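Asker: My questions all concern the structure below.
The values are calculated or read from the model by the stated rules, or taken from the named source; none is laboratory data. A quick note: this is a predicted structure, and the numbers were derived from the prediction, not measured. Note: ideal-geometry Cβ built from the backbone for every residue, glycine included; neighbour counts use all protein chains shown.
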Amino acid sequence: MATDTVARSMTGEEMIALAKRHTLYEWSAQSKVDPIPVASAKGVYFWTPEGKRFLDFNSQLMSVNIGHGDSRVIQAISEQAATLAYASPFLATEPRARLGAKLAEITPGDIDTFFFTNGGAEANENAIKIARLVTGRQKILARYRSYHGATAGSMSLTGDPRRWANEPGIPGVVHVLDPYHGIQRGWDSAGQSLALLEEVIQLEGPSTFAAFILEPVTGTNGVLVPPDGYLQGVRELCTKYRILMIADEVMSGFGRTGEWFAVDHWKVVPDLITMAKGLTSSYLPLGAVGMRPFLRKHFENNVFYGGLTYNSHPMGCAAALATIRVYEEHHLIENARAVGALMKQLLADLRERHPSVGEVRSIGLFGIVELIRSRRTREPLAPFNGTSEEMAALGQFFRQEGLYTFVRWNTFFTNPPLSITEGQLREGFAIIDRALEIADRAVRD
């Protein structure tokens, strides 16, 4: 039967059937996929075709930072499409020119030059390409509790289990342990972590490393906020050994942590910074690599061997400019700090009242809850890289009650749009509070 490309609106059941029949879902065995059909979205909510409302407590992929359906961004995209929908990246356009200048204003320190990509994975790919071209070195340091994207190079940089099926990957990546505060280990101190990092650098050969890439606040691997002194120490070690520091701010950037970029909390200026997600609030695909002047200078007389058909796409750049205006006009970064302070209190309250809550962490509107099966042994409610009946039931309860968030291993996330109000935040936590009764029943002692 022929499928109309322009036709009546589908039911949720029809959407799911056709999507599962003709498309692949990521990170999933296809027989296990059970997607929520989405017909529309506005602010912090989205709706199924049948009208069921969900509170988006994860900003989709930690990316719709300004909230759904902002008319200013939609208008900017529409006007750019009508004026100039696409131009070769060898040409100059007004959105490209204006966005580069604006990003130079808001990125840390003296970062003032940008290469635009389709998303975060390609931003990280090009960051390591730049590092290798400039330094003439090949090795890249990365951390085990990390995710940097699903393309060949960025997946090799990734430390978490999503890397395993894609190995051996690109050569030259060396992983190191990072500061971790979880349910079975307390914080490694900044000093301990930095000593371990320097030992690995020494053992591998300082002169062999082009760069160290890290998420300033680790995202899907636990919302790990580094202890004070750690990022400053990383900056000092990178300077000492002439290793470029790459800050992957794809998830933690654009207000998520209560500052433009997470590194701003610690007044650290990386040599390269990567971004996507909140850059356009995911209204259109766009990523970027930002670099300091000495890196740009290298390419004045040396070829930059990189390129993308959609580099500096006019519509993506227009969407980014409009999105940044929304952050500024609606004071969303300030809101992330203010409402984030309430979220920290609500998370702490969950930990006090629910025996299944072993640990909570947050910075700004970037939060996570770790669940345990035993208060005594701190055994997680699901194994590393696995799930459990209780975690599956928790996810089903969230879905039933209209709360959308990520449930991963023994954790779930609290990452709402930065536009969320205190009332909407409490609405989400009320659902979480009821859901945790499921996890509490699994606690043995």
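Asker: In region 293-306, what count of residues is obtained for those that are in contact (Cβ under 8 Å) with a residue 12 or more places away in the chain, part of a loop (DSSP other than H, G, I, E, B) and over 25 Å from the mean Cα position of the chain (by Cα)?
Answerer: Here the count works out to 3.
Asker: Another question, then. Scan region 182-203 and give yes if some residue there is surrounded by 21 or more Cβ atoms within 10 Å (Cβ to Cβ), among the β-branched types (Val, Ile, Thr) and closer than 29 Å to Trp260 by Cα, otherwise no.
Answerer: The answer is no; no qualifying residue exists.
Asker: Quick check on my filter: what residues within region 386-445 are in contact with a helix residue (DSSP H, G or I) (Cβ under 8 Å, 6 or more places away or on another chain) and of a type in the set (Asp, Glu)?
Answerer: Glu390, Glu401, Glu422, Asp433
Asker: In region 407-437, what residues are surrounded by fewer than 17 Cβ atoms within 10 Å (Cβ to Cβ) and of a type in the set (A, V, I, L, M, F, W, C)?
Answerer: Correct list: Ala430 only.
Asker: With respect to the numbered conditions (1) crowded, with 24+ Cβ neighbours inside 10 Å; (2) in a helix (DSSP H, G or I); (3) among the small types (Gly, Ala, Ser), which one is the sole condition not fulfilled by Ala338?
Answerer: Here Ala338 clears every test but (1).
Asker: Applying the selection to region 180-212, what residues are polar (S, T, N, Q), farther than 18 Å from Arg235 by Cβ and part of a loop (DSSP other than H, G, I, E, B)?
Answerer: Gln184 - this is the single residue of region 180-212 that is polar (S, T, N, Q), farther than 18 Å from Arg235 by Cβ and part of a loop (DSSP other than H, G, I, E, B).
Asker: Which residue pairs have Cβ atoms closer than 7 Å, lie 6 or more positions apart in sequence or on different chains, and pair a first residue in region 217-240 that is charged (D, E, K, R) with a second residue that is modelled with pLDDT of 95 or more?
Answerer: Going by the 7 Å Cβ cut-off, the qualifying pairs are Arg235/Met245; Arg235/Val268.
Asker: Regarding Thr309, is this residue surrounded by fewer than 14 Cβ atoms within 10 Å (Cβ to Cβ), in contact (Cβ under 8 Å) with a residue 40 or more places away in the chain and of a type in the set (S, T, N, Q)?
Answerer: yes
Asker: Criterion first (part of a loop (DSSP other than H, G, I, E, B) and closer than 22 Å to Leu231 by Cα) does Val289 satisfy it?
Answerer: no
Asker: Of the residues that make up region 242-249, is at least one of a type outside the set (Ser, Thr, Tyr), over 29 Å from Gly287 (Cα atoms) and either in the same structural domain as Gly119 (by TED's automatic domain parsing) or part of a loop (DSSP other than H, G, I, E, B) (or both)?
Answerer: No, region 242-249 has no match at all.
Asker: Taking region 376-395 only, how many residues are surrounded by 14 or more Cβ atoms within 10 Å (Cβ to Cβ) and either of a type in the set (S, T, N, Q) or more than 22 Å from the chain's Cα centre (by Cα) (or both)?
Answerer: Residues flagged as surrounded by 14 or more Cβ atoms within 10 Å (Cβ to Cβ) and either of a type in the set (S, T, N, Q) or more than 22 Å from the chain's Cα centre (by Cα) (or both) within region 376-395 amount to 11.
Asker: Do we have any residue at all in region 150-168 that's among the aromatic types (Phe, Trp, Tyr), assigned by TED's automatic domain parsing to the domain that holds Leu272 and in a loop (DSSP other than H, G, I, E, B)?
Answerer: No: region 150-168 contains no residue that is among the aromatic types (Phe, Trp, Tyr), assigned by TED's automatic domain parsing to the domain that holds Leu272 and in a loop (DSSP other than H, G, I, E, B).
Asker: In the list Gly191, Gly172, Gly119, Gly182, which residue meets the criterion of being among the small types (Gly, Ala, Ser) and out of contact with any strand residue (DSSP E or B) (no Cβ under 8 Å at 6 or more places or on another chain)?
Answerer: Gly191
Asker: Still on this structure: Strands (runs of 3 or more DSSP E) wholly in region 36-117 with at least 2 residues that are modelled with pLDDT of 95 or more and not assigned by TED's automatic domain parsing to the domain that holds Ala319 - which ones?
Answerer: Correct list: 40-42, 45-47, 53-56.
Asker: Moving on. Can you work out which of the residues in region 408-424 that are within 15 Å of the chain's Cα centre (by Cα) and assigned to a strand (DSSP E or B) is farthest from Val223 (Cα to Cα)?
Answerer: Among them, the one singled out is Arg408.
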